[in-house]
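Q: Just passing along the structure, written as structure tokens.
Please treat every number below as a calculation from the coordinates, not as lab data. From a predicted model like this one, the values you see are computed outputs, not experimental measurements. Note that each Cβ is placed from the backbone with ideal geometry, even for glycine, and that neighbours are counted across all protein chains shown.
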Amino acid sequence: MKAMIIVNNGLEECEALVTYDLLYRAGITVDLVGFTKDIVSSHNVRFEADKLIDEIDPNDYDCLILPGGMPGTKHLQEDKRVDSLIDLFVETDRYVAAICAAPSILIDKGLLNDRKFVCFPGFERELKPENEKAVIDGRFITGKGLGAAFEFSYLIIEQLLGKEKADEVLSKIQY
């Protein structure tokens, strides 16, 4: 199994990196895919993307992950490459996961209409989110915010590798 986390300037770094860490511990190959190689988060944390978005083959991945944060979410939403990736993953029935403000991108595309979802309060638009930390509906996995990164990652691992592996990962980190 292979997942990509789109990283860009202004993202919430912990939503990306906690998810990366937990998926990695589960044995999932994870790439931090950036608009640029050097990334500066919304909290001025600097790190490097593994690959550039223009250099990947999206068909190599089973899951697309969109971290939140501002203005990172705005940058994701404005980028045509991200929009195309979301469309491709939906059309090919692969997982799309978004946390914090990032589910608003899926909401604005009409992808979460009549679905269970969560997001950071204020980004739900006219829809009504669930009262959970993270939820899955079909191939969409959403998380409420940084405080839900473990539950969000658990759902991704559970879908890609099964409940036993997801339980094992959280157990090993003393969650």
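Q: List, in order, the whole-Hz ³J(HN,Hα) value for each residue of region 120-126 obtained from phi through the Karplus relation with A = 6.51, B = -1.76, C = 1.60 and θ = phi - 60°; use x for Gly and Pro.
A: 5, x, x, 9, 7, 6, 8
Q: Separate question: So what's the chain giving for Rg/Rh, alpha carbon basis, Kirkwood Rh from the mean inverse pair distance? Let's see the in-between values first.
A: On the way: Rg = 14.5 Å, Rh = 15.6 Å.
Here the Rg-to-Rh quotient is 0.93.
Q: Got the relative contact order for the chain handy, in percent, Cα pairs under 8 Å and 6 or more residues apart? Before the final figure, lay out the partial values.
A: Details: 358 pairs, mean separation 37.3, N = 175.
Reported relative contact order: 21 percent.
Q: Starting at the first residue of region 168-175, write each ³J(HN,Hα) from the Karplus equation 6.51 cos²θ - 1.76 cosθ + 1.60 with θ = phi - 60°, in whole Hz, x for Gly and Pro.
A: Residue by residue, region 168-175 yields 4, 4, 5, 5, 5, 9, 6, 6 Hz.
Q: Tell me, what HN-Hα J-couplings in whole Hz come from the Karplus equation 6.51 cos²θ - 1.76 cosθ + 1.60 at θ = phi - 60° for each residue of region 17-23, using x for Gly and Pro?
A: These are the phi-based 3J(HN,Hα) values: 7, 5, 4, 3, 4, 5, 5 Hz.
Q: Going through region 106-175, which trypsin sites (Lys or Arg not before Pro) have at most 15 other Cβ atoms within 10 Å and a DSSP loop state? Before the final figure, lay out each step's value.
A: On the way: sites: 109, 115, 116, 125, 133, 139, 144, 163, 165, 172; in loops: 109, 115, 116, 125, 133, 139, 144.
Answer by residue number: 109, 116, 125.
Q: With 10 angstrom as the radius, rank 63, 14 by how many other C-beta atoms surround their C-beta, starting from the fewest. List each step's numbers first, then the result.
A: Working: 63 23, 14 19.
The order, fewest Cβ neighbours first, is 14, 63.
Q: Could you work out, for region 1-48, what percent of all Cα-Cα pairs fall into each 5 Å distance bin, beginning at 0 Å and stopping at the bin that holds the largest distance?
A: 5, 24, 32, 22, 12, 5, 0
Q: Taking the number of other C-beta atoms within 10 Å as the exposure measure, put 130, 91, 12, 78 in order starting with the fewest.
A: Values: 130 15, 91 8, 12 26, 78 11.
Lowest to highest Cβ neighbour count: 91, 78, 130, 12.
Q: What is the distance, in nm, between label points placed 7 Å from the Cα along the Cα-to-Cβ direction at residue 50 and at residue 38?
A: Reported label-point gap for residue 50 and residue 38 is 2.3 nm.
Q: Among 29, 92, which comes first, second and so on when ranked by fewest other beta-carbon atoms within 10 Å? Working shown, then result.
A: Numbers: 29 13, 92 10.
Ranking 29, 92 by Cβ neighbours within 10 Å, fewest first, gives 92, 29.
Q: In addition: Could you tell me the calculated FRET efficiency between residue 60 and residue 171, based on Cβ-Cβ distance and R0 = 30 angstrom, to the nearest 0.05?
A: Numbers: r = 30 Å, r/R0 = 0.99.
Given R0 = 30 Å and the Cβ-Cβ separation, E is 0.50.
Q: Whose amide H sits under 5 Å from the amide H of residue 124, counting only residues 5 or more places off or on another chain, with H placed in the peptide plane?
A: none
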